[in-house]
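This report concerns only the one structure given below.
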Amino acid sequence: MANKNIRALSSRKGLENNLFENIAELSNKNASEEDFQTLSKKFMIDDSVIFGTASFYDFTKPAERNKSIRVCNGTACMVAGSQSKINSLVKDRVKSDEIGHVACIGHCHTNGAVMFKDHTYSIESTKDLDDILSREDHNRYIKNDYHIASNTEPILTGKIENLQEFFALSHDFINQKERIISELKDSNLRGRGGAGFPFWFKLDAVSRESNAQKYIVCNADEGDPGAYSDMYLMEHQPFKVLFGMYMSGVCVGADTGVIYIRGEYPNSIRTMVAAIEKLTEKKLLENFKFKIIKGQGSYVCGEETALLNSIEGLRPEVRVRPPYPAQYGLYGKPTVLSNVETFANIHWILKHQGKSYSKLGTKQSSGTKLVSLDSFFNRPGMYEIEMGTPLSEIFKTYGKGLKSAIKGFQIGGPLGGIIPTNKIKDLDLDFESLDNAGFLLGHASVVSIPEEFPMIKFITHLLEFTAEESCGKCYPCRIGSYRGYEMLEKAQHEDYKIDKQLFDDLIETLEIGSLCALGGGVPLPIKNALHYFQPELKSYFHS
């Protein structure tokens, strides 16, 4: 009930004078406690709510505010061995209290990633760092190019030749919500954020709600280390994403689209802002407006209800469901919430019909999927691949094989399965193939684990990541992930062996007792590691 009351107070000023943006602005200015108290009075919300939110995020918590440079501590950079090197380079040139961390900035194809002056870079040498620190113009990346290709008709990666014509398709579907839903149902488009939920169902549910105010929310908080597919779409295909959101609004009767973009993707934010301005300038939208919300550094905001809380200015804690966002979403209003890649498919489906889309891929996993290949491949890049394609074919034909010996891959982010290299030949790119084998498709991000990288260190990193990123609402995730991390750390650095039964019980508690996929999902890769890499890990445990 308390959150409902706070939500109602936050909604009074809504998106135009957004509470979350106000908190972020004060934090980035290193504002005084009195300034935050003034804000709480302005919104008639208790100080504890404002301070609770401000103390949560990587970019707003007092100890991390206004760092001049941030070094990526994501999984892909970690296994590539670039983090310690970059940290050493940075420490030689920047004061230690000005150096911060960042979870992942989407440079998994190159690594050596840093954020500086609201831009992201990949660096390899002292010269690269000096160039960044001294340059006047920060509007260009360095070493951030990656290969882009497709093994089928390019639905997501194809070029838009004429923007006017591209958006003219919307005129054929005005006042035809049943037709939009029918085409998307025929397409069998499933959410590309990881869960694979049928997208048409969300539209149908929200279209049936009678509330006058509805929202379309795009989850662009792509926090999975190894993934940069959403970043690619926002920076290279923004109009496909915006069209999908617009048509979703036309379908359900929503007049506002909110795009929550992670603060770690500053160039994506700039590109999307420019794209929205262009649509407005060309008058290509009817009775629909967009609002971009910049995230402030939190992985759990990728969970849909935590994301909604974040937009509202509350701590991004996971909501108990039901009610679901379709009935009770942003500011308590019916909300269609899906991810970047899902929305980007909608134009092609409406233009070519849903049945044409369903003919691509497999019966249950239709269409195409963007696959992010990391820096261990000879040709890292972004590949649009038809669902059902063997993973071995993707790695060989598009990645051009691997640069060094790899013992396994984590596919689908930190909650995705750990697949030993010899199992890749048995798996295809679709939800069912990976699920049935005990793994996960997720974002289809690929992080390669080198032969020499200790698996104990890898799973320790996963539990540390979960502990750091937990919203803290439920005990299993908040406490269990940290206890698991402590056990693994102790086993590596002290004369201590982990009680296998105790560890298994802890992992089971995380899996079945957590409120969301953060605590509930991290047991999957850990169980994979314990099963497939048992000879390497057995010395750290006793039965």
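The values are calculated or read from the model by the stated rules, or taken from the named source; none is laboratory data. Small disclaimer: the values here were computed from a predicted structure and weren't measured. For neighbour counting, all protein chains shown are included, and Cβ atoms are generated from backbone atoms with ideal geometry for every residue, glycine included. Heads up: the accessible areas ignore ligands, DNA and RNA and are worked out on the full protein's heavy atoms, side chains in. Shrake-Rupley method; radii C 1.70, N 1.55, O 1.52, S 1.80 Å.
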- [ ] May I ask which residue of C104, G81, I406 lies farthest towards the positive end of the charge dipole of the chain, with charges of +1 (Lys, Arg) and -1 (Asp, Glu) on Cβ and the Cα centre as origin?
- [x] C104
Task: At 1.567 mPa s and 4 °C, Stokes diffusion of region 293-379 via Kirkwood alpha-carbon radius, µm² per second - done: 82 µm²/s
Open item on the list: Placing unit charges on C-beta atoms (Lys and Arg positive, Asp and Glu negative, everything else neutral), compute the dipole magnitude of region 132-224 about its Cα centre in debye, rounded to 20.
Closed with: 220 debye
- [ ] Decide, for region 427-474, between rounded, prolate and oblate: order the square roots of the alpha carbon gyration tensor eigenvalues as a ≥ b ≥ c, take rounded if a/c falls under 1.5, and otherwise choose prolate if a/b is larger than b/c, else oblate.
- [x] oblate
- [ ] Report, in whole Å, the centroid distance computed from the Cα atoms of region 157-217 and region 367-406.
- [x] 29 Å
TODO: Would you mind pulling out the separation of the Cα centroids of region 512-543 and region 462-484, in Å?
DONE: 14 Å
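Cβ neighbours within 10 Å, averaged per peptide: list 32-38, 509-515, 488-494, 195-201 in order, most packed at the top. Before the final figure, lay out the partial values.
Working: 32-38: 12.1, 509-515: 19.1, 488-494: 14.3, 195-201: 17.1.
Going from most to least packed, we get 509-515, 195-201, 488-494, 32-38.
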Open item on the list: Which trypsin sites (Lys or Arg not before Pro) in region 16-85 sit in a loop by DSSP (not H, G, I, E or B) and have at most 13 other Cβ atoms within 10 Å of their own Cβ?
Closed with: K29
Task: 3J(HN,Hα) from dihedral phi, region 264-279, Karplus parametrisation 6.51/-1.76/1.60, rounded to Hz, x for glycine, proline - done: 6, 10, x, 6, 5, 4, 4, 5, 5, 4, 5, 5, 5, 4, 5, 4
Task: Dimensionless Rg/Rh of region 392-543 - Kirkwood Rh, Rg from C-alpha atoms - done: 0.98
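May I ask what percent, to the nearest 5, of DSSP beta bridges between residues of the chain are antiparallel? Present the calculation step by step, with values, prior to reporting the outcome.
Details: 25 of 54 bridges.
Beta bridges within the chain, antiparallel portion: roughly 45 percent.
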- [ ] Quick one: which residues, 5 or more positions from G388 or on another chain, have an amide H under 5 Å from its amide H? H modelled 1.01 Å from N in the peptide plane, none for Pro or chain starts.
- [x] L429, D430
Task: Burial order of peptide ranges 272-279, 202-209 (average beta-carbon count within 10 Å, highest first) - done: 202-209, 272-279
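Once the convex hull of the alpha carbons of region 276-326 is built, what does its volume come to per residue, in cubic angstrom?
Numbers: hull volume 5.6 nm³, N = 51.
Hull volume over Cα atoms, normalised by residue count, gives 110 Å³.
In Å², what does the accessible area per residue of region 226-265 work out to with a 1.4 Å probe? Walk me through the numbers on the way to the answer.
Working: 410 Å² over 40 residues.
It amounts to 10 Å² per residue over region 226-265.
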- [ ] With a/c under 1.5 counting as rounded, go ahead and sort region 245-349 into rounded, prolate or oblate using the C-alpha gyration tensor (a ≥ b ≥ c being the square roots of the eigenvalues; past the cut-off, prolate if a/b is larger than b/c, else oblate).
- [x] oblate
Open item on the list: If the only charges are +1 at each Lys and Arg Cβ and -1 at each Asp and Glu Cβ, what is the size of the charge dipole of the chain around the Cα centre, to the nearest 20 debye?
Closed with: 780 debye
Task: Global geometry of region 327-431, whether rounded, prolate or oblate, following the gyration tensor of its Cα atoms and the 1.5 cut on a/c - done: prolate
Task: Whole-number percent relative contact order across the chain, with pairs defined as alpha carbons under 8 Å at least 6 apart - done: 15 percent
Open item on the list: In whole Hz and in residue order, list the ³J(HN,Hα) couplings for region 374-391 that follow from phi through the Karplus curve 6.51 cos²θ - 1.76 cosθ + 1.60, θ = phi - 60°; x for Gly and Pro.
Closed with: 8, 6, 7, 7, 5, 9, x, x, 10, 10, 8, 10, 5, 4, x, 5, x, 4
- [ ] Pull up all non-local amide H partners of I105: gap of 5 or more, or a different chain, and H-to-H distance under 5 Å with H placed in the peptide plane.
- [x] none
- [ ] Would you compute, from DSSP H runs of 4+ residues alone, the mean residue ellipticity of the chain at 222 nm, taking -39500 (n - 2.57) per run and dividing by the full residue count, rounded to the nearest 500?
- [x] -11500 deg cm²/dmol
- [ ] Give the Rg (one decimal place) followed by the Dmax (whole number) of region 48-204, computed from C-alpha coordinates and expressed in Å.
- [x] 21.9, 61
Open item on the list: With only alpha-carbon atoms in the gyration tensor, what are the semi-axes of the equivalent ellipsoid for region 454-543, in Å, largest first?
Closed with: 21, 13, 12
Task: Karplus-derived 3J(HN,Hα), 6.51/-1.76/1.60, for each residue of region 38-49, Hz, glycine and proline x - done: 4, 5, 5, 5, 4, 9, 6, 10, 4, 3, 4, 5
